[in-house]
Amino acid sequence: MNKCLFCMIRDGEIPSDKVYEDEHVIAFRDIDPQAPVHVLIVPKEHYADITECPNETAGYMLDAARRLAVENGLTEKGFRLVMNTGEEGGQSVKHLHMHLLGGRQMTWPAG
Ligand code: DGP
């Protein structure tokens, strides 16, 4: 079976600007940043999206997101966490990931 893009990044087969790694997740900078800070938090285990993953995995992702928000100085002014899911949710990479966006004023609705 062919590996997906984020599995290849996880395995170091495609380079990335990695900013965090632990037993359960990796995080790296988005190739097409939509904000001064734009990091993708990705579980090491492959799940297509949030509908497939155990609650425990979602917790590990949130832990990493909080840590990265602090490390990037985002907690005072705020930040946004996004999980695009499926076609109408605008998900382009079918390996569960969370966007951490910060460093600018966000708008709503997200579009
Ligand atoms: P989404 O559209 O929610 O599935 O987000 C996928 C994100 O992945 C998108 O913001 C761009 C990013 N991306 C796509 N290919 C690569 C890559 O090869 N490296 C990195 N760092 N990010 C990528």
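Miscellaneous remarks
- Residues Arg29, Arg80 arranged by fewest to most Cβ contacts within 10 Å: Arg29, Arg80
- Rounded tilt (10° steps) of 55-71 against the dominant C-alpha axis of the chain: 40 degrees
- Overall form of region 44-109 per C-alpha gyration tensor (a/c, 1.5; a/b vs b/c): oblate
- Gyration tensor (alpha-carbon) shape descriptor, region 32-76, a/c threshold 1.5: oblate
- Relative pair counts by distance (%), Cα atoms of region 1-98, 10 Å bins: 15, 51, 31, 3, 0
- Using C-alpha pairs under 8 Å with a sequence gap of at least 6, the mean separation divided by the residue count of the chain gives a relative contact order of 30 percent.
- Magnitude of the charge dipole, the chain, Cβ model with Lys/Arg +1 and Asp/Glu -1, debye to 20: 340 debye
- Measuring r between the beta carbons of Asn72 and Leu5 and using R0 = 22 Å, the FRET efficiency lands at 0.40.
All of the numbers you see were taken from the coordinates with simple rules; none came from a lab. These numbers come from a predicted model, not from an experiment. All Cβ positions, glycine included, derive from the backbone under ideal geometry; neighbour counts span all protein chains shown.
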